[in-house]
Amino acid sequence: MSQAYDARSQQAFAAAVCRVMRESRRRQKLTQAEVAQRTGGLVSKAALANYETGHRSLRVDVLWVIAGALGEDLGSLLSAAERGVALRPAAGASGSITVDVAEVMATADPRLGPVKRWFELRTNGASSATLDDGAIAALASLMNVSAVECRRILISTIHGVRQHPAPAPLSR
């Protein structure tokens, strides 16, 4: 099965790797400090936090060290991340959405707490925000849900959402 690789799919895969790594740590009830200690000083707690959130690019050699510290097989981690990235997103599961910032900020839904904090930092008083797949993936990471679930929550909770379908992929 082939997939067109572009910046968007690379970002989605990178976010999925970070999510799988974080989920493994949490499933084992390990703190970031404990995982950092298990790397023998090769990865600091701060660096691990930045890798898990996608704020820092993860090199394959560092991923190998972290996987070992988690007791995970590197291939299994990567396979799990790959499964988390849809090869062909379902209808409505891709493309940008525009949301009314005031409506997001006024919602009482606790799931949108991280989104509200993100908007406080990013929107600079704008009345609306257009979120592309990368922004939705970043918000999903903050919410600890999949990008598809994040999109579903935004669409079902915020009434002033406009969806913009993703362009059809170019064939090679």
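Laboratory data are not the source of any read-out in this text; all were calculated from the coordinates shown. Being a predicted model, the structure only gives us computed values, none of them experimental. Cβ coordinates were reconstructed from backbone atoms using ideal geometry, including for glycine residues, and neighbour counts include every protein chain displayed.
Take the alpha carbon gyration tensor of the stretch 12-54, find the square roots of its eigenvalues, order them as a ≥ b ≥ c, and report rounded if a/c is under 1.5; if not, report prolate when a/b exceeds b/c, else oblate. The shape class here is oblate. Amide H to amide H, with H built 1.01 Å from N, SER128 comes under 5 Å of VAL101, counting only residues 5 or more places away or on other chains. Given their separation in residues at 0.36 nm each and the Cα-Cα distance between them, ALA126 and VAL65 gain 17.8 nm when the chain is fully extended.
Determine the sum of side-chain charges near ALA129: Lys and Arg each +1, Asp and Glu each -1, restricted to other residues whose C-beta is under 10 angstrom from that of ALA129.
Numbers: positive: ARG122; negative: ASP100.
Spelling it out: positives minus negatives among the neighbours equals 0.
Across the stretch 105-121, rounded Karplus estimates of 3J(HN,Hα) from the backbone phi angles (6.51 cos²θ - 1.76 cosθ + 1.60, θ = phi - 60°) give 5, 8, 5, 9, 5, x, 5, 8, x, x, 5, 4, 5, 5, 5, 4, 7 Hz, Gly and Pro being marked x.
All C-alpha to C-alpha distances of the stretch 7-83, sorted into 10 Å bins beginning at zero, yield P(r) values of 21, 60, 18, 1 percent in whole numbers.
Of the trypsin sites (Lys or Arg not before Pro) found in the stretch 35-67, those in coil by DSSP whose Cβ has at most 15 other Cβ atoms within 10 Å are ARG56, ARG59.
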